[in-house]
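Report on the structure given below.
Here, each number is a calculation from the coordinates, and none is a lab measurement. Just so it is clear, the structure is predicted and the values come from calculations on it, not from any experiment. No Cβ is skipped: glycine too gets one built from the backbone with ideal geometry, and neighbour counts run over all protein chains shown.
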């Protein structure tokens, strides 16, 4: 058995906090086995702050990103991708030559691809993780360079190469430690059903407006805590049992407090709600590559949650959908908790297996 305690691992992924936070879930396992842990990420200060709070040295990497909107500005930027990508791979290679890692763990995103490419040319094994029900572009392009690709959902890669491992998602241990009493005491709420609305870290304008328009009706039955996003709180006439917040630092307490959750369908939020079996209404973001829509498809098919498409969103459909979730809460809770699992340990075991095998073959 190989002892990894003298080894080095480089974590990578970036572009959004969604690519960074899953690494935090793995850190307790990695710290027990790897002597040195480094992170190569993007230039977003928020990503760096998250990693450096954990005592991990952060290496920023300038990277190109595919712009999906059809306009002249995006077209011009996309034409520069080949030149920018080559430059990013060279820079990533210099960082890897300095750090000399034994293995790379990639969470995908446009930052990860040049790191994975540079690692491949140096025969450094790579384990990747795909959070969504379909492969993101970076992970699609990374497959040939990876030894294993761990997945949250069951994904058929169609090539029978044995690289794909259905592990589940990395889950932060703090998510299991929520206390509903913390929130109840903090906001001095009455004895009603509890509804939590989350539109993502940046908020969601259409969800926010629909919740606001439905608030008088919803608060007849629910205490409503509405996390609107930074800078998205709106002036509200006094509505009893309705609270707007820009963001929350202790989301685990708010999830524990909630009887029903309304949320976007980003993989991190979805998986944290799933492992807790929280009855949920998902309103997936329909723009971009449509990954949130793909994520919720399996949930619908398995009666694990209710989905309301944004095109159908209104104060009336929102209220009626929330009531449907409440009426079916036991069914949704049981199926949701079964469908998606906490894959933190299995992902670590995959990393350990790959690096151990790589060392054995040297």
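Some observations on this one:
- For the chain, the Kirkwood estimate of the hydrodynamic radius, built from every pair of different alpha carbons, is 21.5 Å.
- Fraction of alpha-carbon pairs over 19 Å apart in region 158-249 - percent: 53
- Ratio of Rg to Rh over region 195-269 (Cα coordinates, Kirkwood Rh, two decimals): 0.92
- In terms of the mean number of neighbouring beta-carbon atoms within 10 Å, the peptides 184-190, 98-104 order highest first as 98-104, 184-190.
- Highest mean packing first, where packing is the average number of other Cβ atoms within 10 Å per residue, the peptides 47-55, 208-216, 20-28 line up as 20-28, 208-216, 47-55.
- Cα-based radius of gyration of region 113-220 once divided by 2.2 N^0.38 Å, which approximates compact folds: 1.63
- FRET efficiency, residue 86 to residue 191 (Cβ-Cβ, R0 45 Å, nearest 0.05): 0.15
- Helix-only arithmetic for the chain: the sum of -39500 (n - 2.57) across DSSP H runs with n ≥ 4, divided by the residue total, places the mean residue ellipticity at 222 nm at -13500 deg cm²/dmol.
- Across region 233-302, the fraction of Cα-Cα pairs farther apart than 13 Å, rounded to a whole number, is 71%.
- If the segment from residue 31 to residue 245 were pulled out straight at 0.36 nm per residue, it would be longer than the present Cα-Cα gap by 73.6 nm.
- In Å, descending, principal axis extents of the Cα set of region 174-339: 39, 32, 28
- Computed over region 174-339: relative contact order in percent, which uses C-alpha pairs under 8 Å that are six or more apart: 24
- A Förster radius of 35 Å combined with the Cβ-Cβ distance from residue 330 to residue 49 puts the calculated FRET efficiency at roughly 0.30.
- Take each peptide in 240-247, 333-340, count the other Cβ atoms within 10 Å of every residue, and average; sorted highest first, the result is 333-340, 240-247.
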